[in-house]
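Trainee: Please read through the structure below; I'll follow up with questions.
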Amino acid sequence: MLQSQQPVAQVRYKRRICGKAQALFCNLKNIWRYSQLSKLRIFQSSVLALLLYGCQTWRIIKIDETKLNVFVHKYLRRALI
């Protein structure tokens, strides 16, 4: 039973990470490039909020946690450079 639910959860993570959060980050590229505002605060309030929306209901395994951490560090590094 748990094995049948796992692929659905991974599809949901992949859609949220590769789709919505990445698209939002790319839409904010002018802010990352030219903004004098706090890029960390913008990242936290927009990209991270979208990425983690509804996460209290997710069943997270170690692989999914690693993927989320990789996404956050990769895009945070891009935003702050």
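The values are calculated or read from the model by the stated rules, or taken from the named source; none is laboratory data. Being a predicted model, the structure only gives us computed values, none of them experimental. All Cβ positions, even for glycine, are placed from backbone atoms using ideal geometry, and neighbour counts span all protein chains on display. Note: areas computed on protein heavy atoms with side chains; ligands, DNA, RNA excluded. Shrake-Rupley method; radii C 1.70, N 1.55, O 1.52, S 1.80 Å.
Trainee: Accessible area per residue for segment 27-81 in Å², computed with a 1.4 Å probe and the full protein assembly in place, what is it?
Mentor: Here the per-residue accessible area is 75 Å².
Trainee: Using a probe of 1.4 angstrom, how much of the accessible area of segment 22-81 is carbon and sulfur, in percent?
Mentor: That share works out to 58 percent.
Trainee: With the radius of gyration and the Kirkwood radius both derived from the Cα set of segment 10-81, what is their ratio Rg to Rh?
Mentor: Reported Rg/Rh (Cα atoms, Kirkwood Rh): 0.98.
Trainee: Can I ask one more? Cα-Cα over 19 Å: which of 39/62; 14/62; 29/67; 20/67; 29/62; 39/67?
Mentor: Flagged as over cut-off: 39/62; 29/67; 29/62; 39/67.
Trainee: If you count, for each residue, the other Cβ atoms within 10 Å and average over each peptide, how do 26-36, 66-76 line up from highest to lowest?
Mentor: With the highest mean Cβ count within 10 Å placed first, the list reads 66-76, 26-36.
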